[in-house]
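Reading through the structure tokens given below for one structure.
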Amino acid sequence: MKYGLIKVAAAIPGVRVADVEYNVQQMENQIAQAEGRGVELIVFPELSMTGYTCQDLFRQQLLLDKTEEGLLTLLDFTRKLDIIAVVGLPVRIGALLYNCAAVIQHGCLLGLVPKTYLPNYNEFYEKRWFASATDLIPQEVYLAGSPVQVSNEPIVFRTCDGACFGIEICEDVWAPLPPSNNLALAGADIILNLSATDELIGKHNYLVSLLAQQSARMMCGYVYSSCGFGESTQDVVYGGNALVFENGRLIAKGERFALEPQMQVQQIDLDRLRAERQNNTTFRTAQDGASARFVDCKPITPRDFELIRTVNPHPFIPSDDKMAESCEEILDIQTMGLCKRLQHTHSDKVVIGISGGLDSTLALLVVVRAFDRLGLSRRGIIGITMPGFGTTDRTHHNAVQLMKLLGVSQREISIAKAVTQHFEDIGHNPQVHDVTYENSQARERTQILMDVANQVGGMVIGTGDLSELALGWCTYNGDHMSMYGVNAGVPKTLVQYLIRFVSEEFRVKGEKQQEDVALQEGVIADANAVSTSKLYTLHTILNDVVDTPISPELTPADEKGNIKQKTEDLVGPYELHDFFLYYCLRLGYRPAKIFLLAQKAFRGSYDDDAIKHWLTTFCRRFFNQQFKRSCLPDGPKVGSVSLSPRGDWRMPSDAVSALWLKECEGL
């Protein structure tokens with residue numbers, strides 16, 4: 001294990017019913033392949049040494065003797081291998097036969113785990129042959145020449161680098177109180193399941209849902225290997241399921257009904273799982289009373305590390321299969337948050353600065369949704385454009401057109417005269433385009449918004465997003481301040497995505513409606529009918545807002561009117577910063593691991609030097625700008641990451657960043 005990542009495999013070998021020698025050979029082949037691929041932990045199906053479907057042959061002494069010989073063969077085969085293999089076999093202990101999982105490494109039998117819940121309904125008759133773990137009397141037995149302690153107490157196996165795993169067998173996870181509950185609460189990061197699940201219509205989907213839920217509930221990795229082709233089809237069919245889950249998410253799956261052996265290899269991120277557990281007070285409370293016996297595995301030889309996981313470069317962006325549902329949900333969260341605030345303050349008027357940029361555009365769309373939801377007139381939305389020294393025709397045009405098409409009240413108040421007077425008052429040379437030059441404009445705009453809000457008896461809606469809060473890319477007591485910040489929980493990459501989503505909604509609905517037909521249940525309500533041509537215009541403008549380079553527009557444009565001050569040239573690409581933000585806040589990863597993941601996620605887009613440079617920038621700015629986050633206005637949490645000092649992120653404003661920056665230097 002390195003970087004908290006352990007490589008696991010769910011293997012489904014070729015099998016012949018009651019042919020132990022053949023089955024062992026098949027498992028040896030897959031163990032050798034897995035060892036060559038750097039797998040640290042491999043699990044095989046239930047009763048994989050004999051085949052699950054032996055039925056009354058389990059009563060044959062010859063089969064049991066051959067099974068023990070087969071285990072001895074496997075032990076000898078693994079004598080010089082670091083990989084930990086978990087195989088299924090019948091084991092006679094005293095007068096009873098048990099359905100067991102054997103854990104082997106370096107030629108040693110590390111432990112035996114008997115099955116607890118024996119299905120004896122419908123097509124299953126396991127109680128005919130096997131006893132439950134609850135029937136077991138604790139004792140030491142000799143199996144394949146190895147002494148091993150057996151009991152019905154939970155066992156957690158611990159690798160030499162601290163990864164912990166527990167084992168349950170097939171029906172155990174279907175039980176009301178699965179053994180994995182206690183194992184995970186006692187410290188197992190990963191649960192291995194040796195299974196023999198037959199195929200029935202609809203059963204597979206239920207199985208995947210069950211395993212995902214168990215993995216999520218116990219915040220664990222879950223590796224599932226179930227019998228496949230080669231088992232008897234006398235009455236049922238075994239399709240073979242090789243599945244790997246991580247905290248409820250399926251990260252690897254094999255091919256069902258495959259005729260050939262298969263093996264699914266994936267890395268489970270133990271840092272992620274442990275971060276989730278550490279942060280979840282409910283999990284910690286549930287740990288009271290959980291216990292297990294720990295068994296240490298053998299030391300291994302360090303090996304080269306390779307990251308094989310797929311890393312999403314945009315962790316805040318909804319997956320394609322849930323895109324529409326997720327976007328609507330996000331917009332609804334923002335909308336409902338504002339609705340409550342408007343209702344509580346008995347306010348039918350809001351003031352919002354509209355720049356033609358990403359954040360103010362999304363905020364305006366949310367405000368419109370909230371007013372429509374409450375049945376308020378959009379004329380109560382006072383959108384104000386405040387052109388200054390760096391405002392371009394492109395952004396000004398988009399701002400004006402958005403307000404016009406959405407039917408809100410429009411005002412335009414230039415800040416040039418007031419800021420020029422302010423420069424004269426404080427003795428600042430307006431030709432010096434420094435932080436004073438820029439922040440004076442931001443604070444003037446905020447003063448205008450606040451004062452107009454007083455005039456109309458309304459509230460100022462903040463537009464700043466989560467990424468800007470993380471980087472401190474806002475002017476203290478300028479755009480930093482509002483009466484309710486609807487975008488406070490939305491990172492920049494998601495802002496772009498949401499606007500494109502709404503834009504596409506306008507286009508699709510424009511195609512379906514005729515002139516003056518109202519847009520249904522979307523951003524525009526029946527009382528504010530918009531023509532088809534206007535819908536297409538909104539679609540075009542919103543796309544242009546997303547395509548416009550991100551800029552505060554605080555310094556003059558060039559001779560052609562183009563933006564010179566581009567935010568991403570100054571603080572770095574937002575897709576990188578949002579990536580850093582997610583793994584830093586959501587999971588508490590150290591810079592070295594974030595760098596590793598970013599290398600994989602952005603391969604071909606950014607080289608290592610660029611990633612390192614902007615990661616260093618992120619760490620420095622994140623620490624230096626905490627004081628701005630300590631006094632944030634109210635705003636709704638949207639996803640799993642928030643910087644609100646009242647809930648998710650409490651950090652001293654004078655904490656030092658030296659530890660993080662030093663690690664960045666060493667990358």
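Before moving on, here are some points about what is shown:
- Distance between the pseudo-spin-label points of ARG620 and GLN55 (7 Å out from Cα toward the beta carbon): 7.4 nm.
- Taken as Cα centroids, the range 1-46 and the range 268-301 sit 24 Å apart, rounded to the nearest whole angstrom.
- Between ASN120 and VAL236, the simple label model (points 7 Å from Cα in the Cβ direction) yields a spacing of 1.6 nm.
- Checking the Cα-Cα distances for LYS566/LYS628; LYS80/LYS593; LYS7/LYS600 against a 27 Å cut-off, the pairs over it are LYS80/LYS593.
- Here TYR583 sits with roughly 20 square angstrom of accessible surface, probe radius 1.4 Å.
- Whether the range 299-451 is rounded, prolate or oblate, judged on the alpha carbon gyration tensor where a/c under 1.5 counts as rounded: oblate
- Centroid-to-centroid separation of the range 569-605 and the range 175-239 [C-alpha atoms, Å]: 34 Å
- Normalised by the number of residues in the range 209-329, the mean separation of alpha-carbon contacts (under 8 Å, six or more apart) gives a relative contact order of 18 percent.
- Its relative contact order, with pairs defined as Cα atoms under 8 Å and 6+ residues apart, puts the chain at 11 percent.
- Structure-based [θ]222 nm, the chain - -39500 (n - 2.57) summed over DSSP H runs of at least 4, per residue, nearest 500: -12000 deg cm²/dmol
- The amide H of SER414, built 1.01 Å from its N in the peptide plane, has no neighbour under 5 Å, considering only residues 5 or more places off or on other chains.
- For ASP547, solvent-accessible area (1.4 Å; no DNA, RNA or ligand), Å²: 90 Å²
- Peptide ranges 177-183, 603-609 listed from the most packed, as the mean C-beta count within 10 angstrom indicates: 177-183, 603-609
- Efficiency of FRET between PHE627 and ALA32 - r from beta-carbon atoms, R0 51 angstrom, step 0.05: 0.30
- Gain in span if fully extended, TYR536 to GLN343, counting 0.36 nm per residue against the direct Cα distance: 66.2 nm
- Only Cα pairs under 8 Å and 6+ residues apart enter the sum, and on that basis the relative contact order of the range 118-276 stands at 14 percent.
- For the chain, DSSP calls about 55 percent of its internal beta bridges antiparallel.
- Prolate/oblate/rounded call for the range 139-245, Cα gyration tensor, a/c under 1.5 rounded: oblate
- The range 240-307: trypsin sites (Lys or Arg not before Pro) in DSSP coil with no more than 16 other Cβ atoms inside 10 Å: ARG256, ARG303
- Peptides 69-80, 23-34 ranked from most to least packed by the mean count of surrounding Cβ atoms within 10 Å: 23-34, 69-80.
- The lysines within cross-link reach of LYS534, meaning a Cα-to-Cα straight distance under 17 Å and a gap of 8 or more places when in the same chain, are LYS404, LYS509, LYS512.
- Cα gyration tensor, the range 60-192 - rounded (a/c under 1.5), prolate or oblate: oblate
- Cross-linked pairs LYS2/LYS298; LYS340/LYS637; LYS2/LYS253: Cα-Cα separations exceed 21 Å for LYS2/LYS253.
- Order by protection proxy (mean Cβ within 10 Å, highest first), peptides 347-355, 226-234: 347-355, 226-234
- Per-residue SASA entry for HIS204, accessible area with 1.4 Å probe, Å² rounded to 10: 40 Å²
- Cβ-derived FRET efficiency at R0 41 Å, ASP393 paired with VAL656, nearest 0.05: 0.35
The values are calculated or read from the model by the stated rules, or taken from the named source; none is laboratory data. This one's a predicted model, so the numbers in the text were calculated from it and none came from an experiment. Methodologically, a virtual Cβ is constructed for each residue, glycine included, from the backbone with ideal geometry; neighbour enumeration extends over all protein chains shown. Calculation scope for accessible area: heavy atoms of the full protein, side chains included, ligands and nucleic acids excluded. Shrake-Rupley method; radii C 1.70, N 1.55, O 1.52, S 1.80 Å.
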